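The values are calculated or read from the model by the stated rules, or taken from the named source; none is laboratory data. Because the structure is predicted, anything quoted here is derived from the model rather than measured. Cβ: placed from backbone, ideal geometry, glycine included. Neighbour counts: every protein chain shown.
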Amino acid sequence: GAVVSQHPSRVICKSGTSVKIECRSLDFQATTMFWYRQFPKQSLMLMATSNEGSKATYEQGVEKDKFLINHASLTLSTLTVTSAHPEDSSFYICSATTGQGFIGGYTFGSGTRLTVV
Amino acid sequence: GEDVEQSLFLSVREGDSSVINCTYTDSSSTYLYWYKQEPGAGLQLLTYIFSNMDMKQDQRLTVLLNKKDKHLSLRIADTQTGDSAIYFCAESGAGGTSYGKLTFGQGTILTVHP
């Protein structure tokens, strides 16, 4: 079945530094990838939708200059948290779809736990 | 915008059935999903149902959809301790700016006692 690999699974960084999270579709071409943020014991909040080769579409309230998304190929999307601060600490999850229809078509990565100290 | 609501907690004994309920507001939802999340992990798709279906059964899982009341439920038969996790209900929009986006409920924490 479809597999999405997300790395790193856990990262601790100093305040003010940037962190890059990768999301790869291993056995299918992902025309669309979604980035979510999850706070402890809360639901997933969609941050942005990225389509290969075009600019990401950000949800209202998400700072596009802080959360840089690049979807340069059909198998890779990256989320860079720039100038991270402790309030950016969270669980970030990506999902990917082929865009051929959404019947069971969302595959999620295993998530990245970001801790900013 | 779209809204999905779930009860936050459910506790059952091993071997009993679990029923997790979900309500949604988007009448144009095309697909409705149930995902399972174990601690520190991503989301695992359990099952999904198309909006023109009333019921779907897959081994121990039964999904019921009442489109009139916008109510979705997930029944887990013979619940095991390994079923303890957070269960998310989600719906995908039909068109426009919501097409393809998933809206998640808050998640139901299922605890299975031996």
Of all residues making up the stretch B:57-80, the number that are more than 17 Å from B:VAL4 (Cα to Cα), part of a loop (DSSP other than H, G, I, E, B) and without any contact (Cβ under 8 Å) to a residue 60 or more places away in the chain: 2
All positions within the stretch A:1-19 that are under 10 Å from A:VAL117 (Cβ atoms) and among the small types (Gly, Ala, Ser): A:SER15
Subset of the stretch B:17-45 (residues that are crowded, with 18+ Cβ neighbours inside 10 Å and either touching a Pro at 6+ places or on another chain (Cβ under 7 Å) or under 16 Å from B:LEU64 (Cα atoms) (or both)): B:SER18, B:ILE20, B:CYS22, B:TYR24, B:SER29, B:THR30, B:TYR31, B:LEU32, B:TYR33, B:TRP34, B:TYR35
Selection status of A:PHE108, within 14 Å of chain B (Cβ to nearest Cβ), more than 15 Å from the chain's Cα centre (by Cα) and modelled with pLDDT under 95: no
